[in-house]
Amino acid sequence: MGAFFLGLMFLSLVIWLGLLTLRGQFWRSDQKLEVEEIQLKSLPKICAVVPARNEADVIPMSLRSLLLQDYPGDFHIFLVDDQSTDGTAAFAEGVAHAVDKAQQLHIVSGESLPLGWSGKLWAMEQGICKAKTLAPDYFFLTDADIEHDVSNLTRLVAKALQEDLDLASVMVKLRCESFWEKFLIPAFVFFFQKLYPFRWVNNPKNKTAAAAGGCILIRASALEQIGGIQVIRQTLIDDCTLAQVVKGTGNNSKFKNSPSSPPTPSRKIWLGLSSSTRSLRQYQSLQTIWDMVARTAYTQLNYSPWLLLGTVVAMTLIYLIPPVGTIIGALMSNWGIALIGLAAWLLMSLAYFPTIRFYKLSPLLAFSLPAIAFLYTLMTIDSALRHWQGRGGAWKGRVYPG
């Protein structure tokens, strides 16, 4: 038994060495929008599309930040009121009049959700159709709960122009104020970066593609060439799927062009972090974060029981075995097991530390990653249970069982 456990410790240590050195340096959190100097080569026309369903509590702040962007070019905002019952549209109009930008805001009354569409994508489709009448060069797809830094759009446009990008996306800074937010939210970003290393996403020669749905700038011609939003109309993880289709690396045939059309060319995309544009969405309790993760975790695994089993085994081996081995080895005075487990635990904490620093939290939180990973594993299992019970993908009063 001792030899078996020692083997597990050693395997976990080797995996962490591999993650730190071979997986695109995902842990460094160094792909950031704000480090780029703003140099606009031209002023393309931009149309923002904002799907909003019962967002009256956040729309005053988020829409105000959009209306007050310092982008010097032609910029219009299409807010799609997705059958809200809380007066979202009225609040939006009030904000636009308050900052004297009413001519810049276009309210689109959302129609009933048709079969085969997710709610957010249907709202985006309606907004894009209306925005097309202005013939924009780029669409700015953003959520209704994002408070944008005043230069966020200008920086994104400059990034897209400088690097000739078809899609540029920013993972905004998530709210991190309550106990559960501080404990669990940074790890959400860490796991996302591990799954989709940003350096790989930003490398045109690498097939990895991802985006953050809260803040996406996409070239209008690229969106048209892939067939529009309708090609991903049923997806729940719509941001990453859109990035895969745009980059031309999607491996699912239903997201590719028809057999009669030419193959999708590889396009350049970019994904980074933002320290100044932030999410207003609050997660005051463990339950709210749990529901957020459980909504799409099993979708990420393609609804596969085998991938679920593999994920549970991998999470146990990578995150739980090192601290357990450290404690058991110390109690049994087996210092070989204890030291190898401790070494893996330290490497794990070292990898997590840049994310903790990005969120300006206590460095001691870096050592709590095993406990955090355990909770995320339970959330993933619960996501599968919800799917099997027909409750998967619940959001804003709608259920998308997959």
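Loop-resident trypsin sites (Lys or Arg not before Pro) (DSSP state other than H, G, I, E or B) in segment 1-84 with no more than 13 further Cβ atoms inside 10 Å of their Cβ: 41. The residue 150 and residue 179 beta-carbon pair, evaluated with R₀ = 35 Å, returns a calculated FRET efficiency of approximately 0.70. Of the peptides 326-338, 343-355, the order by per-residue mean of other Cβ atoms within 10 Å, starting with the highest, comes out as 343-355, 326-338. With a simple spin-label model that places each label point 7 Å from the Cα along the Cα-to-Cβ direction, the separation between residue 132 and residue 320 comes to 5.0 nm. With θ taken as phi - 60° and the Karplus curve 6.51 cos²θ - 1.76 cosθ + 1.60 applied, the whole-hertz 3J(HN,Hα) list for segment 78-84 is 10, 9, 9, 7, 7, 6, 5 Hz, x standing for glycine and proline. If you wrap segment 125-203 in the convex hull of its Cα atoms and look at it from every side, the mean projected area works out to 7.2 nm². Residue pairs exceeding 31 angstrom between C-alpha atoms, taken from 41/247; 32/205; 45/194: 45/194. Mean-square fluctuations from a GNM of the chain, with a 10 angstrom spring cutoff on Cα atoms, peak among 314, 209, 294 at 314.
If you look at the Cα atoms of segment 28-294, you get an Rg and a Dmax of 17.6, 54 Å.
Of the trypsin sites (Lys or Arg not before Pro) found in segment 261-363, those in coil by DSSP whose Cβ has at most 12 other Cβ atoms within 10 Å are 360. Qualifying GluC sites (Glu not before Pro) in segment 14-115, where qualification requires a DSSP coil assignment and no more than 10 other C-beta atoms within 10 Å, comprise 37. According to the calculation over all Cα-Cα pairs in segment 68-211, the P(r) per 5 Å bin from zero is 2, 7, 13, 16, 19, 17, 15, 9, 2, 0 %.
Here segment 160-230 has an Rg and Dmax of 14.8, 45 Å, counting Cα atoms alone.
Per-residue Karplus couplings for segment 105-121, computed as 6.51 cos²θ - 1.76 cosθ + 1.60 with θ equal to phi - 60°, are listed in order as 9, 10, 8, 10, 7, x, 8, 4, 5, x, 5, x, 10, 7, x, 5, 5 Hz, Gly and Pro entered as x.
FYI, it's all coordinate maths here, none of it is from the lab. Source: prediction; values computed, not measured. Here Cβ is always computed from backbone atoms with ideal geometry, including for glycine, and neighbour counts include all displayed protein chains.
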